[in-house]
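Q: Mind having a look at this structure? Questions to follow.
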Amino acid sequence: MNERFAAVEIISAKRDRLELSDDQIDWTVDAYTRGVIADEQMSALLMAILLNGMNNREISRWTDAMVASGEKMNWSKLDRPTVDKHSTGGVGDKITLPLAPLVAACGAAVPQLSGRGLGHTGGTLDKLESINGWKANLSSDQMLKVLQECGAVICAAGAGLAPADKKLYALRDVTGTVGAIPLIASSIMSKKIAEGTSALVLDVKTGSGAFISDPKNATLLAKTMVDLGKRAGVKTTALVTAMDVPLGLTVGNSLEIRETLEVLAGGGPSDVVELTLILANEMLAAVGIKPKVSPEQALKNGMAMDVWQKMISAQGGDNDAPLPVAKEKLEITASTSGKLLTLDAMKIGVAAWRLGAGRQKQGEVLQLGAGVEIHVKPGDMVKSGQSILTLHTDDSTRFARAQEVLTGAYSIGGSDDIVKRLPLVIERIEG
Ligand code: URA
């Protein structure tokens, strides 16, 4: 095939801070998906994009080209409006798990395409795989069937959906180019647009445990994605939310499923419940549903739990099987008494990763019971010798590396010291 451009011209243009034309962008994304542009050339271009940025037109065209690289899903056979939520990724962020069945219990359809862990952040599919028999890979027909029967489905994106993103995502992961706003925005939004949801609520994380730690950049990312959604006809709202401290009291696959079940049973940690309810109300409002039973009631009265159990068994999961438990445990205790002032999300996320909850290389088998259990959160009083964290792993040789990263992961001060935390919801952006 006679190619319209040469990759080196495109790389040089971005290196020299020039704008790429629509034709250049269309060709680049298509040629990379076809294997005409080599990984080393695309790596150079991704780094040039990370360093020199893209304007809104370029980001929008790049996103459209990624959508066009694959198929688009269609939910017109459903009798309820579709709404999805996407988080940019955090530590202990299990919100999708209680949220999808909850929003379905309140009347919307939730086609939730989720991912695997990336770096120090956990992945919804990995968490669900700690349920015996549960299957992440469904065909489009199977996905539609689960949605029709249960109102919600959480599964992996099929190979045909935004294949350009699959290649680019894997390359970004190993070339230090994950953190570029144009690349994150186009990666997330291309999948959501191809997924065919009518409305979308984005949870853009900021703080030490997020990919974008500076709240100003998180707001810019949120605005960029809301704008991309609007252009594509998807009603998109974004909340910028705190990820300075892990969400909830568990980080790690089966540990987070256990906490999800607590939330669906009407209990669970207050921050997880609060964010789940805020996002549920946003999702229902986005599709104009005023539920007869409020999300708060649906958590308390078992309606959300019923949808969860149906959804898990529709995907082969055994709701009655015990969850995996790690073989070894280690308590981390307070060396002094006082008020817990900080608990660093990034350090806890990396510790869970090193204990076996995350992958060190692509395709690695996870320890589903591994992770970190948190016993106190900033603002709580602790006594000397009290347990702050419990580390879980199947392999006790992993404790040393986890403990290494936990140095300085928390601080204890006097009872009058003020806890400095980001508010749970920092900003709301509507399209
Ligand atoms: N999630 C995605 O799907 N893509 C990114 O680039 C980052 C988080």
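The values are calculated or read from the model by the stated rules, or taken from the named source; none is laboratory data. Source: prediction; values computed, not measured. Every residue, glycine as well, gets a Cβ built from its backbone with ideal geometry; the counts of neighbours run over all protein chains shown. To get the accessible areas, we keep the full protein, side chains included, count just its heavy atoms, and leave off ligands, DNA and RNA. Shrake-Rupley method; radii C 1.70, N 1.55, O 1.52, S 1.80 Å.
Q: Considering only segment 197-215, state which residues are under 19 Å from residue 286 (Cα atoms) and either aromatic (Phe, Trp, Tyr) or within 11 Å of the ligand (Cβ to nearest atom) (or both).
A: From segment 197-215, those under 19 Å from residue 286 (Cα atoms) are 197-204; that's our starting set.
The answer is 202, 204.
Q: Of all residues in segment 36-81, how many are open to solvent by 50 Å² or more (accessible area, probe 1.4 Å), over 26 Å from the mean Cα position of the chain (by Cα) and small (Gly, Ala, Ser)?
A: 1
Q: How many residues are surrounded by fewer than 19 Cβ atoms within 10 Å (Cβ to Cβ) and either assigned to a loop (DSSP other than H, G, I, E, B) or in contact with a strand residue (DSSP E or B) (Cβ under 7 Å, 6 or more places away or on another chain) (or both) if we restrict to segment 295-316?
A: Summing the residues that are surrounded by fewer than 19 Cβ atoms within 10 Å (Cβ to Cβ) and either assigned to a loop (DSSP other than H, G, I, E, B) or in contact with a strand residue (DSSP E or B) (Cβ under 7 Å, 6 or more places away or on another chain) (or both) in segment 295-316 gives 3.
Q: Output the number of residues of segment 155-193 satisfying the condition of being open to solvent by less than 20 Å² (accessible area, probe 1.4 Å), of a type in the set (D, E, K, R) and farther than 16 Å from residue 68 by Cβ. I'd like the intermediate steps shown before the answer.
A: We begin by selecting, within segment 155-193, every residue open to solvent by less than 20 Å² (accessible area, probe 1.4 Å); these are 155-156, 161-162, 164-165, 168, 171-172, 177, 180, 182-190, 192-193.
Subsequent filtering for residues that are of a type in the set (D, E, K, R) retains 165, 172, 192.
From what's left, farther than 16 Å from residue 68 by Cβ: 172.
Residues meeting the conditions: 1.
Q: Hey, could you check segment 126-153 for residues that are within 16 Å of the ligand (Cβ to nearest atom) and buried (at least 21 other Cβ atoms within 10 Å of the Cβ) and say which is modelled with the lowest pLDDT? Talk me through it step by step, then tell me what you get.
A: Step one: of segment 126-153, the residues within 16 Å of the ligand (Cβ to nearest atom) are 126-127, 136.
Those still in the list that are buried (at least 21 other Cβ atoms within 10 Å of the Cβ) too: 126-127.
Values: 126: 94, 127: 97.
Here the residue is 126.
Q: Spot the failing condition for residue 194; the list is (1) more than 13 Å from the ligand (Cβ to nearest atom); (2) over 17 Å from the mean Cα position of the chain (by Cα), and only one is missed.
A: Only one criterion in (1) more than 13 Å from the ligand (Cβ to nearest atom); (2) over 17 Å from the mean Cα position of the chain (by Cα) is unmet by residue 194, namely (1).
Q: Just to verify a result, which residue in segment 58-88, among those that are in contact with a Pro (Cβ under 8 Å, 6 or more places away or on another chain) and of a type in the set (Asp, Glu), is farthest from residue 150 (Cα to Cα)? It would help to see each step written out before you state the result.
A: Going through segment 58-88, the residues in contact with a Pro (Cβ under 8 Å, 6 or more places away or on another chain) turn out to be 58-59, 62, 69-70, 73, 75, 82, 84.
From what's left, of a type in the set (Asp, Glu): 58, 84.
Details: 58: 39, 84: 15 Å.
Checked segment 58-88; the qualifying residue farthest from residue 150 (Cα to Cα) is 58.
Q: Restricting attention to segment 168-180, does a residue exist that is within 16 Å of the ligand (Cβ to nearest atom), without any contact (Cβ under 8 Å) to a residue 12 or more places away in the chain and touching a Lys or Arg at 6+ places or on another chain (Cβ under 9 Å)?
A: So the first thing to find is which residues in segment 168-180 are within 16 Å of the ligand (Cβ to nearest atom), and the list is 168-180.
Remaining after also requiring without any contact (Cβ under 8 Å) to a residue 12 or more places away in the chain: 174.
Filter again for touching a Lys or Arg at 6+ places or on another chain (Cβ under 9 Å), leaving none.
Checked segment 168-180: no residue is within 16 Å of the ligand (Cβ to nearest atom), without any contact (Cβ under 8 Å) to a residue 12 or more places away in the chain and touching a Lys or Arg at 6+ places or on another chain (Cβ under 9 Å).
Q: Restricting attention to segment 15-36, report how many residues are within 20 Å of residue 167 (Cα to Cα), of a type in the set (Lys, Arg) and either touching a helix residue (DSSP H, G or I) at 6+ places or on another chain (Cβ under 7 Å) or part of a loop (DSSP other than H, G, I, E, B) (or both). Spell out how you get there, then give the answer.
A: Applying the first criterion (within 20 Å of residue 167 (Cα to Cα)) to segment 15-36 yields 24-36.
Right, trim to of a type in the set (Lys, Arg) and you get 34.
Among the residues that remain, those that are also either touching a helix residue (DSSP H, G or I) at 6+ places or on another chain (Cβ under 7 Å) or part of a loop (DSSP other than H, G, I, E, B) (or both) are: none.
Counting residues in segment 15-36 that are within 20 Å of residue 167 (Cα to Cα), of a type in the set (Lys, Arg) and either touching a helix residue (DSSP H, G or I) at 6+ places or on another chain (Cβ under 7 Å) or part of a loop (DSSP other than H, G, I, E, B) (or both) gives 0.
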